[in-house]
Amino acid sequence: MSATVFFAPMRSQMKRSMVTRTGSLLGRAGLAGAVAENDLVAVKLHFGETGNTGFVHPIYIREIVKRIRAANGKPFLTDANTLYRGERANAVDHLACAIHNGFSYATVEAPLVIADGLDGRDAVEVPVGGRHFQSVRIGAAAVHADAMVVVTHVKGHEAAGFGGALKNVGMGLGCRSAKQRMHADFRPEVTAETCTACGRCVKWCPVSAISIGPDRVAEVDYAICYGCGECVAACPYGAIATQWKTDANALQEKIVEHAAGVLTGKEGKVVYLSFVTAVSPDCDCWSFSDAPIVPDIGVLASTDIVAIEQAAYDLVVQAVGLPGSLGEGMGAGSDKFSAITGVDGTRAIAYAEEMGLGTRTYELVTVD
Ligand code: SF4
Ligand code: SF4
């Protein structure tokens with residue numbers, strides 16, 4: 001059985017605003033059926049780090065909020081705190097960062113709630129019976145919400161290979177200790193011949209696990225490193241490689257098990273929107289956004305997280321890589337995320353299907 005994924009390409013034959021079309025997509029995907037009167041509706045998004053420009057702009061979020069209210073729901077914007085050092089590691093900094101990036105009641109007309117509370121400890125244990133975890137810890141506000149609209153900016157990811165809806169939900173809404181458990185299989189390794197001892201990774205590492213050794217090469221203290229993967233993307237010379245204590249699929253499977261925890265009890269209550277625009281090679285957790293690897297493609301909507309994830313991945317594969325970006329020279333049909341990150345990010349999609357979260361078989365319905 002296939003799922004329907006609605007697709008609004010960037011090109012509008014009818015010359016309609018993409019903001020309005022995004023709202024229409026929500027309707028086509030079934031928002032009215034997902035939201036009952038007075039439902040508390042979590043709008044899961046990424047508020048972006050300061051300096052990052054890849055996250056979905058507040059003008060879209062305001063439209064989404066408007067549509068949820070029209071369906072008689074009570075929307076609030078949410079995300080959980082990060083594990084790494086940055087501007088979203090606790091609720092106070094997180095909210096300040098969100099407001100700096102343009103997300104406030106005045107702009108989006110909905111309150112902001114950090115899902116796992118002030119310091120990341122406001123979480124609920126949800127049974128999932130997965131390969132890695134019997135239960136997962138999810139930000140309480142996400143668990144207690146009646147319905148959810150998941151707004152995803154599609155991009156690459158240095159450790160997971162691909163950053164789509166599954167990662168947005170699973171990694172995004174896991175509480176801080178859950179994020180630690182998801183990352184535990186990752187091990188960075190420095191190539192001595194390539195390292196210039198510039199020190200960027202030393203400054204970036206959230207737990208000060210890296211130092212410059214006496215031979216002028218970065219050294220990782222594995223007793224301290226918790227495997228966040230940030231140093232791999234931090235190194236401007238590609239001197240830190242991804243190694244896995246088990247295999248490269250473990251992180252993706254763990255993310256999916258957390259996504260399953262978020263979605264437990266919300267059957268028929270979640271609508272997904274994925275923006276295949278400004279498709280950067282790296283996560284939006286960075287304080288910059290690298291050049292998009294493909295042209296802006298459009299926005300997808302579905303009630304099936306697996307189908308929308310597969311469709312987003314396929315659309316980027318089918319696009320031609322942009323000159324001047326890390327996608328340069330990659331033609332239609334090449335798997336750009338795998339080539340750029342060195343990680344095959346499709347394991348998450350397959351495992352999500354295995355866990356019964358949806359289907360990889362989809363019908364793409366183009367709408368204007
Ligand atoms: S993966 Fe890299 S940045 Fe993350 S904790 Fe380990 S050494 Fe530090
Ligand atoms: S960022 Fe890269 S080149 Fe610079 S010290 Fe770290 S590993 Fe070496």
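The values are calculated or read from the model by the stated rules, or taken from the named source; none is laboratory data. Because the structure is a prediction, the values reported are computed rather than measured. Backbone-built Cβ (ideal geometry, glycine too); neighbour counts: all protein chains shown.
The sole residue among 90, 81, 72 that is modelled with pLDDT under 95, surrounded by fewer than 20 Cβ atoms within 10 Å (Cβ to Cβ) and more than 28 Å from residue 294 (Cα to Cα) is 90.
Condition test on residue 156, is it closer than 30 Å to residue 236 by Cβ, in a helix (DSSP H, G or I) and more than 16 Å from ligand 1 (Cβ to nearest atom)? It is false that residue 156 is closer than 30 Å to residue 236 by Cβ, in a helix (DSSP H, G or I) and more than 16 Å from ligand 1 (Cβ to nearest atom).
Taking (1) of a type outside the set (Phe, Trp, Tyr); (2) outside the structural domain of residue 351 (by TED's automatic domain parsing); (3) surrounded by 14 or more Cβ atoms within 10 Å (Cβ to Cβ); (4) away from ligand 2 (no atom under 16 Å from the Cβ) in turn, residue 223 satisfies each apart from (3).
Among the candidates 78, 53, 4, which residue alone is under 30 Å from residue 178 (Cβ atoms), hydroxyl-bearing (Ser, Thr, Tyr) and assigned to a strand (DSSP E or B)?
Criteria check complete, one pass: 78.
Summed over segment 196-220, the residues that are within 11 Å of ligand 1 (Cβ to nearest atom) and either in the same structural domain as residue 82 (by TED's automatic domain parsing) or acidic (Asp, Glu) (or both) give a count of 1.
The set of residues in segment 198-215 that are out of contact with any strand residue (DSSP E or B) (no Cβ under 8 Å at 6 or more places or on another chain), more than 22 Å from residue 89 (Cβ to Cβ) and more than 9 Å from ligand 2 (Cβ to nearest atom) comprises 214, 215. Any residue at all in segment 307-322 that's outside any helix (DSSP H, G or I) and modelled with pLDDT under 95? No, the conditions are met nowhere in segment 307-322. For segment 233-292, the tally of residues that are within 15 Å of ligand 1 (Cβ to nearest atom) and not in a loop (DSSP other than H, G, I, E, B) stands at 9.
Return yes when residue 167 is under 26 Å from residue 53 (Cα atoms) and at pLDDT 95 or above and no when it is not. Yes; evaluated as a whole, the condition is true for this residue.
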